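Report on the following structure.
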Amino acid sequence: MYKYLFALALILTLIFKQISPLNAKEPVAPLFPNLGNFSHPISSENALAQSYFNQGMTLAYGFNHAEAARSFAESTQQDPNCAICYWGIALVLGPNINAPMDESVTDQAWNALQKAVELSDNASESEKDYILALSQRYLENPPADRRPLDLAYAEAMQKVAQKYPEDLDAVTLYAEALMDTTPWDYWQEDGTPKPEGTQIIHTLESVLAREPDHIGANHLYIHAVEKEKPELGIGAADRLGNLVPGSGHLRHMPSHIYIRVGQYHNANIANQQAIAADLDYATGCHVQGLYPLVYMPHNQHFLWFGAVMNGQSAIALQAAQETAKVNQDLIRDPALAGVLQHYSSIPLYTLVRFSKWDEILATSPPESDLSYPLGVWHYARGMALVNKQKIDEARAELTQLEEIAEIPALKELKIFGFNPSSSILGISNQVLSAEIASQEKDFPSAIAHLEQAIEIEDSLIYTEPADWYHPVRQILGKTLNQAGQFSAAEAAYREDLVIYPDNGWSLYGLAQSLTAQGKISQAQQVQTQFQNVWQYADVEAL
């Protein structure tokens, strides 16, 4: 079962305590350029209140909730009698698919909602219904388990969407409310959508059929289909990237689809655009909180992964270094340790992927209490040493890695709140063991280790990019080719191409295995395909 992305209570506290929307007297938000032309008319004659409300909704649809709250707060400053403006504050202080409700802002959300209720006489009928629906989400003294409240809100928003079917924001907000009841868990193990997933997808498709450029519907639809049916999201991805040029996250979102359908070059372009947009935003606003801590490095992380899959080592190495620029004061924070320690390890993974053995051996170890990064360091050194024919030294690194992987705390140190870092080190252990065995020409042992690694890899909860950096089936295919088991290598590469379509690493290996089997026509077709997808690469696909 998918759970909330990670526990961020401490970080969210820092974000939202800066907002103080109900008591603000000075402007708390600028009006940003390049945020598109979204508009949701409200019951206010104040043009600036309308502009800030539109901006708040745009930012909310772009998952920049803290900045959205500041915009909604400013709309209340421009029109203190605007009920729906206070509704906006309460909306974005709530949970979303990437973070649960922060207990420290429940009072703030409750107070904003009560202000919206108090001012409801100034609201239109639909705005009153928006406010009434959101009232199902909050209590003055909420229980520890918020799920009944989230379910009640989703049910209430369904009624609003049914009452106002032409209000595409109401319909989209209903879909988002339903997604929040089961975040990142919309699909069955057999690849069919769960009942909630079916409802979410159909609801968002109904919006896109009427307004293909709806910001929120395109964004949410990508998340709804990316895991099992990414091809359905290609249209949304193609549209969304240019709808809100100033939103880094919305610029980035198409890459969630492009990565899944093998359009790695397009994914890289999307993330480069996202990085540029966020740099402009961060420079102008000196932004703090969750967005620069997690969302902005996420763009670099995605660029890194797309570049790796595309054989673009220079871009990948640079993106890895940027991803690793994490806040060292928070790298041990319980809410962020898993993801920040993972980000900090990306450069080492990249050096291994591109066989930079001397560079790896020149690195210094992480601090001793950072067990996960330290395990990655021993893995990387082991891979470097074995490829420099220093087998005994590689075995010593493997021993260190094995000991670290058994540290109980690593089972609780989860990357993005999902996969235990112990599982990632478990794969590292098997891959390094296989590499040592391969160097010694013990291919049966190497293959057995890689099959165990695949078993762990396949058990990982879906995330993008994947938490394990080098698809193990690619390694298995190469090992099987080396062992002369060309038919089995073909099968391994074809399996990997189902998971990572059109990736050059597997196309190259597949062409080799087909050639070795005498399947020359097939090999030539695959080689042509490889040359097309590898046109941006700066390394050989060995």
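Ile269 meets all of the listed conditions (1) touching a residue at least 12 places away in the same chain (Cβ under 8 Å); (2) closer than 30 Å to Pro471 by Cβ but one, namely (1). Among the residues of segment 511-538, just one is of a type in the set (A, V, I, L, M) and in contact with an Asp or Glu (Cβ under 6 Å, 6 or more places away or on another chain), namely Val533. One residue stands out in segment 294-339 among those that are surrounded by fewer than 22 Cβ atoms within 10 Å (Cβ to Cβ) and of a type in the set (Ser, Thr, Tyr): the one that is nearest to the chain's Cα centre (by Cα), namely Tyr295. For segment 470-504, a residue qualifies if it is aromatic (Phe, Trp, Tyr) and closer than 26 Å to Ala267 by Cα, and the qualifying residues are Tyr493, Tyr500. Once segment 390-401 is narrowed to residues that are touching a Gly at 6+ places or on another chain (Cβ under 9 Å) and surrounded by fewer than 19 Cβ atoms within 10 Å (Cβ to Cβ), the residue that is nearest to Val431 (Cα to Cα) is Arg395. Quickly run through segment 236-264 and pick out the residues that are over 18 Å from the mean Cα position of the chain (by Cα) and touching a residue at least 24 places away in the same chain (Cβ under 8 Å). If the condition is that a residue be over 18 Å from the mean Cα position of the chain (by Cα) and touching a residue at least 24 places away in the same chain (Cβ under 8 Å), then Arg239, Leu243, Val244, Pro245, Gly246 are the ones that fit. The set of residues in segment 417-445 being part of a loop (DSSP other than H, G, I, E, B) and either closer than 19 Å to Pro471 by Cβ or among the basic types (Lys, Arg) (or both) consists of Phe418, Lys441.
Which one of these is within 30 Å of Asn532 (Cβ to Cβ), outside the structural domain of Asp538 (by TED's automatic domain parsing), of a type in the set (Ser, Thr, Tyr) and under 19 Å from the mean Cα position of the chain (by Cα): Tyr291, Tyr349?
Sole residue among the options that is within 30 Å of Asn532 (Cβ to Cβ), outside the structural domain of Asp538 (by TED's automatic domain parsing), of a type in the set (Ser, Thr, Tyr) and under 19 Å from the mean Cα position of the chain (by Cα): Tyr349.
Being in the same structural domain as Gln482 (by TED's automatic domain parsing), of a type outside the set (Phe, Trp, Tyr), free of Cβ contacts under 8 Å to residues at least 40 places away in the same chain and under 26 Å from Glu231 (Cα atoms) is a description that applies to Gln529. Scanning segment 106-157 for residues that are of a type in the set (Phe, Trp, Tyr) and more than 18 Å from Glu176 (Cα to Cα) returns a single hit, Trp110.
Rundown of residues vs (1) farther than 27 Å from Leu460 by Cβ; (2) at pLDDT 95 or above; (3) among the hydrophobic types (A, V, I, L, M, F, W, C), yes/no style:
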| residue | (1), (2), (3) |
| --- | --- |
| Gln158 | yes, yes, no |
| Val171 | yes, yes, yes |
| Tyr174 | yes, yes, no |
| Ile200 | no, yes, yes |
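In segment 149-159 there is no residue matching the filter, namely being surrounded by 16 or more Cβ atoms within 10 Å (Cβ to Cβ) and either at positive phi or free of Cβ contacts under 8 Å to residues at least 12 places away in the same chain (or both). Of the residues making up segment 275-289, not a single one is modelled with pLDDT of 95 or more, within 23 Å of Leu208 (Cα to Cα), in a helix (DSSP H, G or I) and of a type in the set (A, V, I, L, M). Here Thr76 passes the criteria (1) within 31 Å of the chain's Cα centre (by Cα); (2) at pLDDT 95 or above; (3) in a helix (DSSP H, G or I) except the one numbered (1). One residue stands out in segment 461-519 among those that are under 20 Å from Arg260 (Cβ atoms) and β-branched (Val, Ile, Thr): the one that is surrounded by the most Cβ atoms within 10 Å (Cβ to Cβ), namely Val472. Restricted to segment 402-423, and to residues there that are of a type in the set (A, V, I, L, M, F, W, C) and out of contact with any Asp or Glu (no Cβ under 6 Å at 6 or more places or on another chain), the residue that is surrounded by the fewest Cβ atoms within 10 Å (Cβ to Cβ) is Ala409.
Of the residues that make up segment 181-189, is at least one touching a Ser or Thr at 6+ places or on another chain (Cβ under 9 Å), surrounded by 23 or more Cβ atoms within 10 Å (Cβ to Cβ) and assigned to a helix (DSSP H, G or I)? No, the conditions are met nowhere in segment 181-189. Checked against (1) under 26 Å from the mean Cα position of the chain (by Cα); (2) of a type in the set (A, V, I, L, M, F, W, C); (3) assigned to a helix (DSSP H, G or I), Trp468 passes all but condition (3). Here Tyr462 meets the list (1) of a type in the set (Phe, Trp, Tyr); (2) touching a residue at least 60 places away in the same chain (Cβ under 8 Å); (3) assigned to a helix (DSSP H, G or I) almost entirely, failing just condition (3). Of all the listed residues (Glu451, Glu403), the sole one being of a type outside the set (Phe, Trp, Tyr) and farther than 30 Å from Leu340 by Cβ is Glu451. When segment 401-415 is filtered for residues that are without any contact (Cβ under 8 Å) to a residue 24 or more places away in the chain and in a helix (DSSP H, G or I), the ones remaining, listed by number, are Glu403, Pro408, Lys411.
Residue count for segment 360-389 under the criterion of being crowded, with 16+ Cβ neighbours inside 10 Å and without any contact (Cβ under 8 Å) to a residue 24 or more places away in the chain: the result is 2.
The values are calculated or read from the model by the stated rules, or taken from the named source; none is laboratory data. Since the model is a prediction, treat every value here as computed from it, not as a measurement. Methodologically, a virtual Cβ is constructed for each residue, glycine included, from the backbone with ideal geometry; neighbour enumeration extends over all protein chains shown.
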